[in-house]
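Novice: Sharing a structure below in structure tokens format, with a few things to ask.
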Amino acid sequence: MALLRLSSPHAHGPMSTARVMQNVLLATVPGIIVLTHFFGFGTLVNIAWGCVVAVACESLALKLRGRPPGFYLRDCSALVTAFLLCIALPPYSPWWLIAIGIASALFLGKHFYGGLGYNPFNPAMVGYVVLLISFPVQMTTWAAPRGVGELPGLLEALQACFNPASFDAVTAATPLDVMRQNNSLLVEDLWQRTPQFGRWAGIGWEWANLAFLAGGCWLLYRRIFTWHAPLAMLASIALLAALFYDGGSSASGGSPLFHLLSGATMFGAFFIITDPVSSAVSVRGRLVYGALIGVLVYTIRVRGNYPDAVAFAVLIMNFAAPFIDHYTQPRTYGHARGGKED
Amino acid sequence: MRKIFDFHGGIHPPENKHQSVRTPIADAGIPPELVIPLSQHIGAPAVPSVAVGERVLKGQVIAQPRGFVSVPKHAPSSGTVSAIEDRLIPHPSGHSAPCIVIATDGQDEWIAHSGTPDYRQLDKAALLEKIRCAGIAGMGGAGFPSAVKLSIQPHHTIQTLIINGTECEPYITADDILMRERAQQIIAGAQILAHLIEPGETLIGVEDNKPEGIAALRAAASGTDIEVVEFPTKYPSGGEKQLIEILTGKQVPSGGLPADVGVVCQNLGSTVAIHDAIVEGRPLISRVTTVTGNSVREPQNFQVLIGTPMRYLLDRAGYEPARGNRLIMGGPMMGFTVPDDRVPVVKTTNCLLAPTEEELPTPPPAQACIRCGMCAEACPVSLLPQQLFWFAQGKEHEKLEQHNLFDCIECGACSYVCPSNIPLVQYYRASKAEIQQQRRDHEKAEHSRQRFEARQERLERAEREKEEKRAARKRAAEEKARQAGGDGEEDPIQAAIERARAKKAVQQAGGGESELEKLEKAVVSARKRLETASAKLAEAQAQGSDLVDALQTGVDKTRGKLEAAEKALQDYQASDSAAAQDAAQPGDAAQAAIEKAMAARAAEASLSPQEKARKDLKKLEQRLQKSRDKLAASRESGEEEKIIEALEATVTRLQDKVEEARIAVQDAEEA
């Protein structure tokens, strides 16, 4: 009788790539709920439309590359890219903005390099930066949070997406923007004069950040990634914010808590920089990688021209990942400590 | 309480051990045919010492070890040798190899044997020899000859002797059941090993998923200084290097031996086998094997004769081939699939796993590596499997070595956790093989280069020496000429004699070699080469290198060359003495040269008058032509009248002479 010839190991653990991706998708849910609560249905519509475009783009790319779309679509990686990009985009983005973003992410960011696993840059961030540079107005207009402005309903959200000309949103500068542009008020005064500020950071933003933190912790618990990169990034942001808090003067960059709970801090720490493909690989490497992203995020936020900086910081560190890998190879069993020549 | 250390990574696959420990060890019985592969261990295969048709008794040696890293084979039961031929053997490659086939007679008749219960009276060398003669090789999987492992180099001091009862692979319970049923033998065996090695401490390491076995061992060990150490279950804590780290906190240096950190490890099954060999005089002819998996109805442990066809053993456990898809020798993590269920059980067969498709599904196609790093977290030797995979795909061998590919123990933890189902270990195995092949090729090329350069240098040297000799001869000749006054015609005979003498003198002064010397030199150098090759082979065998076979053929070839050289030398010596008897005089070069010169003179003397006349004529004609030319030249350049007249006279005279000579030639021809 014919016996199967296979090489060891014969047993396999329960984990699969699709499962990893599904876990990530699931972990974004709390954040999406909070965003929807504070900013309306914009994010949900973004995501729904983004997923449709992503599946279409992924199928087309796979078809052009001569790969069976059925097998590769099942890994859900295109959906993850769509989710992450659409969460990062301002709510009530027009359909074409989302389509261009997703297409850039999947074609430029992923398939041009050989598809999943071969992309040196985070695809969602490639899409985001393409949009940010090409359409700065649309990309920096953020809806006013609940309590500050009137929230549009679901129908209006759909209108905003598919018939943008007929939609006029109530917008407000994000707290990070306000903080960056401030040069005359003490932090305390700024807080009192700006309605967008909440308890610790911006209204809505602080809760969205906490929700993404919760989702991230769940992923840590599920052992989808390790704590090293996120913690290093949060720690370096907090450290720099503390160093340059300047007692809350008019030159202050904002408190550590403000920075941790503002903008895309938690979302970036747990959902963007943990993208394994484009990050450093070893434990030490991920610590360095995360910490340097934190430094870049703080620097660009406070000193740069853009209100938030996660996308640029991640892309820049994606460049550096192979370099970090080279110098952070772990000590193998039976090898002398630090005895690595070359 | 002893301090337990942890090692990096590791995984917790489902253990699946309970199925096969519900019943005690069963006797598998005597199959009608036993197939004993000549190589069941690392090192050189054994050499058959029985002939087809010969009757053998149980425990009789049927194959002798070849070299240091080798062990003999014994007949597992009495019967007749029915064949010595290539059969399929349990090996990852699925190839065939020489086996001794015994048709059993069912009488199970023992050869006379006796043990040495009081082993303390034996010296260490005798103990080691007994272990070696009992055919004991590591029974955990690798099959390294135990006697070699227990031969401690003088520069090593052994602090810790570790008996490895970890059995971390899922499904396997062969060691567990031994602990439960044969704790006394294990402890006695450990005491023999302690007597042999004299370590500072003797430990038996067991994972905490075998509470019954640990209890039995502790009971048997009470009153001895052997410590049974329990530690948390985690795969692959049974790996030798991992177990050493768990129990001692030390790491075996990369490429080194456990003895380098003062540790010697022995498998638990081997320990029992050593006990049986020393105390009862029984060679290793049977072992305990776990037969398990959902394709057998009654998973259990068997005491099975080495050489028993797997199918026979499986049937004892209620094998249902239709339910399974593959047959694995060893566990699900590091075991390999066998090509056919008729292959024999060998000394390293600790488990036969016959899983169903649901139990161990055929792996789905691999997806792209997303560098998630789960493999790096699981790796027990702290490698970066995702990077190794990347480099293996690109065949970047330098990078692979820089990322310590050769420290990979192929435990399979990385493949187990890989969400993309990439057969990582397979990539590493292939890359290792490629790199090793490259190293061998490189070594070969380097060797050829050195040989070529040596030859080139030798040729140049010979040329130089020749040149020097030539110069010496020239100088000698000039000296001679000067002494002789530098004038007058030299006697050609005398000159030839001188030349030959000079040549002989140079030869005797050194430099040149006679045929005999050349042959003697060839023999010496062949002998030297054989010695180096043998030393290399022994070294490779000691290290269990897979170069052993190649080196063995090398040694054989060199030996052949040596024999040829010796024969050539003998032949030459024989013919030389014969030649010496034949010739009245020793035929040396000087004599030959004298003879040659004499012959030349005689030849000249013996010219016929006709030929002589012709020769004279020719000479005269030449002189005439010259004179004419001279005359013509003088006329053209307008020389003095006197000179031209003189030249004309010469020409006329020569014309007359030529005329005379022509007549002489005609006369001679007519005569």
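Novice: Which of the pairs B:Lys399/B:Lys536; B:Lys528/B:Lys557; B:Lys3/B:Lys149; B:Lys124/B:Lys536; B:Lys347/B:Lys536; A:Lys110/B:Lys395 have their Cα atoms more than 18 Å apart in this structure?
Specialist: In this structure, B:Lys399/B:Lys536; B:Lys3/B:Lys149; B:Lys124/B:Lys536; B:Lys347/B:Lys536; A:Lys110/B:Lys395 exceed 18 Å between Cα atoms.
Novice: For region A:189-234, what does the alpha-carbon gyration tensor say about shape, rounded, prolate or oblate, given a ≥ b ≥ c as the root eigenvalues, a/c under 1.5 as rounded, and a/b over b/c as prolate?
Specialist: Prolate is the answer for region A:189-234, as a/c is 1.5 or above and a/b outweighs b/c.
Novice: Still on this structure: Separation of region B:142-177 and region A:1-75 by C-alpha centroid, Å?
Specialist: Measuring centre to centre over Cα atoms gives 47 Å.
Novice: Moving to a separate point now. So with the 1.4 Å probe, I'd like the accessible area per residue for chain A, rounded to whole Å².
Specialist: It amounts to 42 Å² per residue over chain A.
Novice: Answer rounded, prolate or oblate for region B:8-131, using the Cα gyration tensor with square roots of eigenvalues a ≥ b ≥ c: rounded when a/c is under 1.5, else prolate when a/b is larger than b/c, else oblate.
Specialist: The shape class here is rounded.
Novice: Based on alpha-carbon centroids, what's the gap between region A:147-178 and region B:1-63 in Å, whole number please?
Specialist: Centre-to-centre distance over Cα atoms comes out at 74 Å.
Novice: Which shape class applies to region B:18-353: rounded if a/c is under 1.5, otherwise prolate when a/b exceeds b/c and oblate if not, where a ≥ b ≥ c are the square roots of the Cα gyration tensor eigenvalues?
Specialist: Verdict is oblate for region B:18-353.
Novice: At 18 Å minimum axial length over the Cα atoms and a Kyte-Doolittle cut of -1.0, report the qualifying DSSP H helices in chain A, or say none.
Specialist: Length and hydropathy pass: A:42-64, A:205-221, A:228-243, A:283-303, A:310-327.
Novice: Hey, can you list the residues from region A:117-156 whose accessible area shrinks by 40 Å² or more with all protein chains present, relative to the chain by itself (probe 1.4 Å, no ligands or nucleic acids)?
Specialist: Flagged in region A:117-156: A:Gly117, A:Tyr118.
Novice: Round to the nearest 10 and give me the degree value, 0 to 90, for the angle of helix B:492-508's Cα axis relative to the longest principal axis of chain B.
Specialist: That works out to roughly 20 degrees.
Novice: If you don't mind, another one. Which of the trypsin sites (Lys or Arg not before Pro) found in region B:341-432 are loop residues per DSSP with 15 or fewer other Cβ atoms within 10 Å of their Cβ?
Specialist: Loop-located and lightly packed - B:Arg342, B:Lys395.
Novice: For region B:614-643, which GluC sites (Glu not before Pro) are in a loop by DSSP, counting at most 11 other Cβ atoms within 10 Å?
Specialist: B:Glu640
Novice: Given the Cα atoms of region B:612-671, and with Rh set as the inverse mean 1/r over their pairs in the Kirkwood sense, what is Rg to Rh to two decimals?
Specialist: 1.14
Novice: Right, next: Using a 1.4 angstrom probe on protein heavy atoms only, which residues from region A:201-233 are buried by at least 10 Å² of accessible area when all chains are present rather than their own chain alone?
Specialist: Hits at the 10 Å² cut-off: A:Arg223, A:Ile224, A:Thr226.
Novice: Let me ask something else. Please enumerate, by chain and number, the lysines with C-alpha under 23 Å from the C-alpha of B:Lys503, excluding those fewer than 8 residues away in the same chain.
Specialist: Output for B:Lys503: B:Lys466, B:Lys469, B:Lys474, B:Lys480, B:Lys518, B:Lys521, B:Lys596.
Novice: How shielded is B:380-387 by partner chains, expressed as the average number of their Cβ atoms within 10 Å of its Cβ atoms?
Specialist: Going residue by residue through B:380-387 and averaging, the value is 5.
Novice: Going Cα to Cα from B:Lys618, which lysines come in below 18 Å? Please leave out same-chain ones fewer than 8 positions away.
Specialist: Cross-link targets: B:Lys626, B:Lys657.
Novice: For the protein assembly as shown, what ratio Rg/Rh do Cα atoms give with a Kirkwood hydrodynamic radius?
Specialist: That ratio equals 1.23.
Novice: Is there a quick way to get the dipole size of the protein assembly as shown? I mean about its Cα centre, with the Cβ of Lys and Arg at +1 and of Asp and Glu at -1; what is the value in debye to the nearest 20?
Specialist: Here the size comes out at about 1120 debye.
Novice: Could you state the angle between the C-alpha long axis of helix B:641-670 and the longest principal axis of the C-alpha atoms of chain B, as a value from 0 to 90 degrees rounded to the nearest 10?
Specialist: Approximately 70 degrees, to the nearest ten.
Novice: Testing the spin-label approximation: label points 7 Å from Cα along Cα→Cβ at B:Lys626 and B:Glu280. State their distance in nm.
Specialist: 11.1 nm
Novice: Going from most exposed to least, what order do B:Glu54, A:Glu206 have by accessible area with a 1.4 Å probe?
Specialist: Largest accessible area first, the residues go B:Glu54, A:Glu206.
Novice: With only alpha-carbon atoms in the gyration tensor, what are the semi-axes of the equivalent ellipsoid for region A:76-223, in Å, largest first?
Specialist: 29, 21, 16
Novice: Taking 0.36 nm per residue of sequence separation and subtracting the Cα-Cα distance, how much length would be gained by fully extending the chain between B:His156 and B:Arg342, in nm to one decimal?
Specialist: Roughly 62.6 nm would be gained on extension.
Novice: Can I ask one more? Given bins 10 angstrom wide, list per bin the percent of all Cα-Cα distances in chain A, short to long.
Specialist: Final binned percentages: 6, 24, 33, 23, 9, 4, 1, 0, 0.
Novice: Dividing the Cα radius of gyration by the Kirkwood radius, what Rg/Rh value follows for region B:418-488?
Specialist: 1.71
Novice: Between the alpha-carbon centers of region B:630-664 and region B:439-473, tell me the distance in whole angstrom.
Specialist: The two parts, judged by their Cα centres, are 62 Å apart.
Novice: Compute the FRET efficiency between A:Tyr118 and B:Glu465 as 1/(1 + (r/R0)^6), taking r as their Cβ-Cβ distance and R0 = 60 Å, and round to the nearest 0.05.
Specialist: 0.40
Novice: Let me ask something else. Within region B:440-458, whose backbone N sits under 18 Å from a point 7 Å along Cα→Cβ of B:Glu517?
Specialist: What the label zone holds, given the 18 Å backbone N cut-off, is B:458.
Novice: Grab every C-alpha pair in region B:330-489, bin the distances at 10 angstrom width from 0 up to the longest one, and report whole percents.
Specialist: That works out to 9, 22, 19, 14, 7, 7, 6, 6, 5, 4, 1, 0, in percent per bin.
Novice: With a probe of 1.4 Å, find how much accessible area region B:375-475 has per residue, and write the answer as a whole number in Å².
Specialist: Accessible area per residue, region B:375-475: 56 Å².
Novice: Compute the angle between helix B:124-133 and the longest alpha-carbon principal axis of chain B, please, reported from 0 to 90 degrees and rounded to the nearest 10.
Specialist: 90 degrees
Novice: Put a dot 7 Å past each Cα toward the Cβ at B:Asp549 and B:Ile493; how far apart are the dots in nm?
Specialist: 7.2 nm
Novice: Residue separation times 0.36 nm, minus the C-alpha to C-alpha distance between B:Arg455 and B:Lys557: what's the value?
Specialist: Fully extending the segment from B:Arg455 to B:Lys557 adds 34.7 nm.
Novice: Quick one: Cα convex hull volume of chain B, Å³ per residue?
Specialist: Given the Cα convex hull of chain B, per-residue volume reads 328 Å³.
Novice: Continuing with this model, one more query. What does the convex hull of the alpha-carbon atoms of region A:174-324 project to on average, in nm²?
Specialist: Hull-based average projected area comes out at 8.2 nm².
Novice: Further, regarding this structure: Within the protein assembly as shown, what whole-number % of the accessible surface is contributed by carbon and sulfur, with the 1.4 Å probe and all protein chains included in the calculation?
Specialist: So the carbon and sulfur contribution to the accessible surface is 56 percent.
Novice: Extending each Cα 7 Å along its Cβ direction at A:Arg337 and B:Asp225, get the distance between those two points in nm, one decimal.
Specialist: Taking the simple label geometry, A:Arg337 and B:Asp225 are separated by 3.2 nm.
Novice: What's the extension gain from B:His397 to B:Asp616 if we count 0.36 nm per residue and subtract their Cα-Cα distance?
Specialist: 70.5 nm
Novice: What total accessible area, in Å², is buried where chains B and A meet, using a 1.4 Å probe and rounding to the nearest 100?
Specialist: Chains B and A together bury roughly 4600 Å² of accessible area.
The values are calculated or read from the model by the stated rules, or taken from the named source; none is laboratory data. Note that this is a predicted model, so its numbers are computed, not measured. Backbone-built Cβ (ideal geometry, glycine too); neighbour counts: all protein chains shown. With ligands, DNA and RNA removed, areas are computed over all heavy atoms of the protein, side chains included. Shrake-Rupley method; radii C 1.70, N 1.55, O 1.52, S 1.80 Å.
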